[in-house]
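The values are calculated or read from the model by the stated rules, or taken from the named source; none is laboratory data. Bear in mind the structure is a predicted one, so any value in this text is a computation, not a measurement. For neighbour counting, all protein chains shown are included, and Cβ atoms are generated from backbone atoms with ideal geometry for every residue, glycine included.
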Amino acid sequence: MTSPVGALTPQDPEQIAGHRLLGRLGEGGMGVVYLAMTDGGSPVALKVIRDEYAQEPGFRSRFAREVAAARRVAGRFAVPVVADGEEAGAPWFASPYVPGPSLAEVLSAHGPLPVRGVRALGGMLAEALAAVHEAGLVHRDVKPGNVLLALDGPRLIDFGIARAAEDTAITRTGTVVGSPGYLSPEQAAASRDIGPPSDLFSLGCVLAHAASGRPPFGEGSAEAVLYRTVHEPPDLDGVPGELAGILARCLDKDPEARPDVAELRAELAEDVVEGWLPEPVTRLIGERTAARAELPAQVPTRAAPTAADAPAEEGTHADTGAPADTGAGRRRPSRRLLLAAGVGVLAAGGGLAAALRGSGSSDGNGSGGGTGGSGPRYVIGLHADLSGGHAARGLAQERGATLGLEHFLAEADGLPFDIELRTIDDGGVPERAAEVAEELTADSSVLAVIGPTDVSVTTATAEIYESAGMPLLSVSVGSFPLTLTVVEYTTLLHARPATMWQGLSLKTLLEGESGARRVGLVDDRTAGMHSWEVTRALVNFQQGPPGFELVPHVVPKLTAPFDRIAADLVARDVDTVVFGGHHERATELATALHAAGYAGARYASESVLRPEFPELAGEAAEGWQLIATCIGPDTDEKTAGFGEQYRERFDGEEPTPFTIEAYDATRMLTAALRDVAADGTPDRAALLARARQADHQGVGKRLGFDEEGLYPYANDGLYLYEVQDGGFRFQGRAPSLGAE
């Protein structure tokens with residue numbers, strides 16, 4: 001089967017909105033889809049809307065609303081919109097490029113899928129539709145051509161956009177938005193009441209086609225297929241009996257009689273990690289993935305933002321300002337910036353104590369610092385959860401940031417400006433978080449924000465901060481929905497390794513000294529993308545055969561079959577368990593494993609590093625080991641000095657997770673602010689540019705960012721904890737992902 005990328009025609013432009021076009025991926029009723037490359041070198045599928053739609057009155061406003069909603073879709077099997085705009089009068093939008101074949105292509109070439117494959121396909125596509133519906137969208141065009149296949153699951157594309165075309169004169173004069181054979185009866189009959197059940201009908205058509213090799217309402221003219229869809233029962237001949245019942249329910253003419261996505265997922269649930277597709281299809285996917293690696297490299301056309309007069313630093317290319325290639329996962333430090341930020345800022349013993357005793361402190365009303373001078377006043381905002389489900393982490397960051405600012409001011413000499421920390425509590429509520437973001441961005445004296453504390457509120461606020469050009473430094477959030485990418489959010493900087501690195505570190509640990517032989521992999525869908533990133537790292541990044549056998553279990557969202565899972569793991573002689581979910585569900589699994597007599601190793605990720613886990617699980621939590629991105633206090637000379645001064649500053653209390661990380665982040669930002677002020681009047685853009693260049697050796701870890709704002713150091717930032725005597729005990733650095 002040939003590559004899906006066709007050649008550009010003489011009528012096609014060379015680029016669209018800075019995206020270099022490489023070829024055509026397809027052409028449909030609404031427009032042309034190109035394979036394009038961003039200026040950062042990432043491939044995207046870029047769709048340009050046809051002129052006849054774009055010129056319709058009201059289309060652009062509807063299109064803008066639909067794209068904005070599509071950006072909110074966050075699911076591992078739904079490919080999001082990551083960029084959009086208008087070029088030469090034509091609206092366009094872009095999504096990450098998925099190199100796999102479409103389901104339509106596979107069914108045409110290889111025929112129907114086996115039952116297990118159909119069940120897996122249905123469960124994962126139902127999960128994708130759940131993400132679409134949660135964003136307030138209805139897909140309206142679920143069909144085999146809009147399902148791309150990858151080894152770790154399907155990807156649903158093109159959601160939401162069809163709605164923008166629905167009210168145009170084009171549709172009113174007979175054009176059907178969607179694909180006959182997969183449209184619901186209400187769509188075929190041009191009903192105005194089209195909701196999520198319509199997508200369930202379309203998914204039923206897709207699964208029936210995948211199971212039998214032909215669509216359930218036959219083929220022929222569009223009029224004939226639409227008539228059968230509205231008036232005749234589906235043809236399910238050839239659909240295996242165990243699937244016929246649930247698919248018949250999906251294809252009920254009455255929308256109220258169809259199952260919802262949760263029911264369909266429960267009915268089709270299949271524990272799938274690998275092998276869900278037949279061998280010829282996996283081979284085709286492998287060929288397409290290999291072809292993706294051969295796409296032409298794109299030299300970035302826009303360097304990371306820098307101050308207009310900033311000289312080229314050691315470790316950067318003088319012509320672009322981009323980091324020089326100094327080794328995998330590493331960047332050579334900039335000597336000038338290291339000196340500006342203060343190498344070795346925290347010495348053990350009395351030096352820091354004296355510095356802190358002479359500094360300012362928080363005023364108790366959410367602000368601290370200040371030089372007391374008469375110069376301009378600049379503010380670093382701390383957006384934190386201080387009263388919700390992540391209040392302990394939020395308080396840790398507030399105290400760490402307070403200490404960081406106090407220490408900076410104690411060392412500073414003759415600053416020509418005042419600086420303060422302003423903390424605002426969002427209670428862990430997304431709606432309140434949006435209000436906090438609006439408040440901080442509306443104040444022109446706020447030049448950067450640290451936070452928020454949790455991923456859910458970060459999702460609700462990142463666009464607000466981006467629109468205001470506000471540097472947003474994420475200390476404790478490492479997993480984001482796929483909509484939060486460099487294409488969309490340029491002001492977001494990650495001060496910790498991505499969640500996926502925790503899974504990769506676990507894999508290294510299991511293949512090394514742990515002696516793991518048979519690993520039970522428990523992917524808890526209640527934790528969404530977080531669990532997927534942790535557990536899939538053990539599967540999708542293997543270089544050659546793994547050193548252990550996997551025994552996978554996928555736990556459907558909001559279900560709790562942990563007793564059954566524990567019994568199965570014991571019966572199958574598993575010696576190691578890896579859990580991808582959060583602390584509440586880890587408590588249930590730990591209790592079930594303990595009751596089943598399991599005595600092997602148990603591992604989880606940072607999301608279980610919560611005091612509630614050992615408190616609730618009790619004896620069952622003992623011995624659990626966690627990979628985390630926050631360092632423990634008193635682990636070496638630097639952190640011992642920090643711990644001593646923290647206890648002195650906060651009445652003998654112990655530092656908690658992410659205190660040191662917030663301290664380091666604040667020190668990095670304040671040093672960057674000082675450097676920017678030395679060159680002129682600081683603003684958000686200049687501070688963002690300087691922060692992006694940072695290479696700060698903090699108390700906990702090296703702190704810097706790659707060109708996408710991600711944490712780049714594969715040999716730093718991961719640590720191992722173990723539950724001992726009812727508490728978490730720091731065990732040292734976790735296995736690294738790159739050489740020193």
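Here's a check for you: in region 625-657, which residue that is outside any loop (DSSP other than H, G, I, E, B) and polar (S, T, N, Q) is modelled with the lowest pLDDT?
Filtering first and then ranking leaves 639.
If a residue must be closer than 15 Å to residue 244 by Cα and buried (at least 22 other Cβ atoms within 10 Å of the Cβ), how many such residues does region 101-119 contain?
Counting residues in region 101-119 that are closer than 15 Å to residue 244 by Cα and buried (at least 22 other Cβ atoms within 10 Å of the Cβ) gives 3.
If you scan region 84-120, which residues turn out to be touching an Asp or Glu at 6+ places or on another chain (Cβ under 6 Å) and within 22 Å of residue 459 (Cβ to Cβ)?
Here is the first cut: in region 84-120, the ones touching an Asp or Glu at 6+ places or on another chain (Cβ under 6 Å) are 93, 119-120.
Within region 84-120, just 93 meets the criteria.
For region 594-611, name all the residues that are outside any loop (DSSP other than H, G, I, E, B) and surrounded by fewer than 16 Cβ atoms within 10 Å (Cβ to Cβ).
Scanning region 594-611 gives a single hit, 595.
Considering only strands (runs of 3 or more DSSP E) fully contained in region 39-121, which possess at least 3 residues that are among the hydrophobic types (A, V, I, L, M, F, W, C)? Working first, answer last.
On the way: elements: 43-49, 83-87, 90-96.
It comes to 43-49, 90-96.
State which residue pairs qualify: first residue buried (at least 21 other Cβ atoms within 10 Å of the Cβ) and among the β-branched types (Val, Ile, Thr) and inside region 377-397, second residue assigned to a helix (DSSP H, G or I) and modelled with pLDDT of 95 or more in any location, beta carbons under 6 Å apart, and separation of 6 or more residues or different chains.
That search, which allows pairs on different chains as well, returns 380/669.
Give the residue, chosen from 449, 519, 436, that is in contact with a Ser or Thr (Cβ under 9 Å, 6 or more places away or on another chain), at pLDDT 85 or above, crowded, with 24+ Cβ neighbours inside 10 Å and assigned by TED's automatic domain parsing to the domain that holds residue 557.
Matching residue, one of 449, 519, 436: 519.
Return the only residue of 703, 688, 718, 626 being over 23 Å from residue 396 (Cα atoms), surrounded by 23 or more Cβ atoms within 10 Å (Cβ to Cβ), hydrophobic (A, V, I, L, M, F, W, C) and within 27 Å of the chain's Cα centre (by Cα).
688
Residue 619 - would you say it is surrounded by fewer than 18 Cβ atoms within 10 Å (Cβ to Cβ) and either without any contact (Cβ under 8 Å) to a residue 12 or more places away in the chain or over 30 Å from residue 289 (Cα atoms) (or both)?
So residue 619 fits the description; yes.
Please find, within region 648-680, the residue that is surrounded by the fewest Cβ atoms within 10 Å (Cβ to Cβ) out of those that are in contact with a strand residue (DSSP E or B) (Cβ under 9 Å, 6 or more places away or on another chain) and among the hydroxyl-bearing types (Ser, Thr, Tyr).
670
Applying the selection to region 81-100, what residues are surrounded by fewer than 23 Cβ atoms within 10 Å (Cβ to Cβ) and under 12 Å from residue 156 (Cβ atoms)?
The one that is surrounded by fewer than 23 Cβ atoms within 10 Å (Cβ to Cβ) and under 12 Å from residue 156 (Cβ atoms): 98.
Could you list, in sequence order, all residues of region 435-463 that are assigned to a helix (DSSP H, G or I) and under 20 Å from residue 393 (Cβ atoms)?
Residues satisfying the conditions are 436, 437, 440, 455, 456, 457, 458, 459, 460, 461, 462.
Give me the helices (runs of 4 or more DSSP H) completely within region 163-220, filtered to those with at least 2 residues that are modelled with pLDDT of 85 or more, ordered by residue number.
Output list reads 185-188, 196-212.
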